[in-house]
């Protein structure tokens with residue numbers, strides 16, 4: 001596990017690795033509020049393959065609120 005720099009929460013290693021390869025997803029995850037991040041992490045805990053984790057993390061792009069609206 002690694003620490004989520006936004007709140008010190010532990011991130012599953014596979015999730016953190018997938019975020020590291022997708023900066024847009026990392027930005028989207030960081031922009032979520034604490035409750036939303038917990039929901040994302042709970043779903044990620046059920047993922048068992050690297051490909052599925054990458055797909056899940058890629059799907060995070062667009063979840064963050066648009067700061068220009």
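Each value in this text was obtained by applying a stated rule to the coordinates, not by laboratory testing. All values derive from a computational prediction rather than experimental measurement. Because the Cβ atoms are built from the backbone with ideal geometry, glycine has one as well, and the counts that use them run over all protein chains shown.
Remarks
- From most to least packed by mean Cβ count within 10 Å, the peptides 29-36, 44-51, 56-63, 11-18 give 11-18, 56-63, 29-36, 44-51.
- Label-to-label distance, nm, for residues given as residue 33 and residue 13 (7 Å Cα→Cβ offset): 3.4
- The modelled label-to-label distance between residue 42 and residue 24, using points 7 Å beyond Cα along the C-beta direction, is 2.8 nm.
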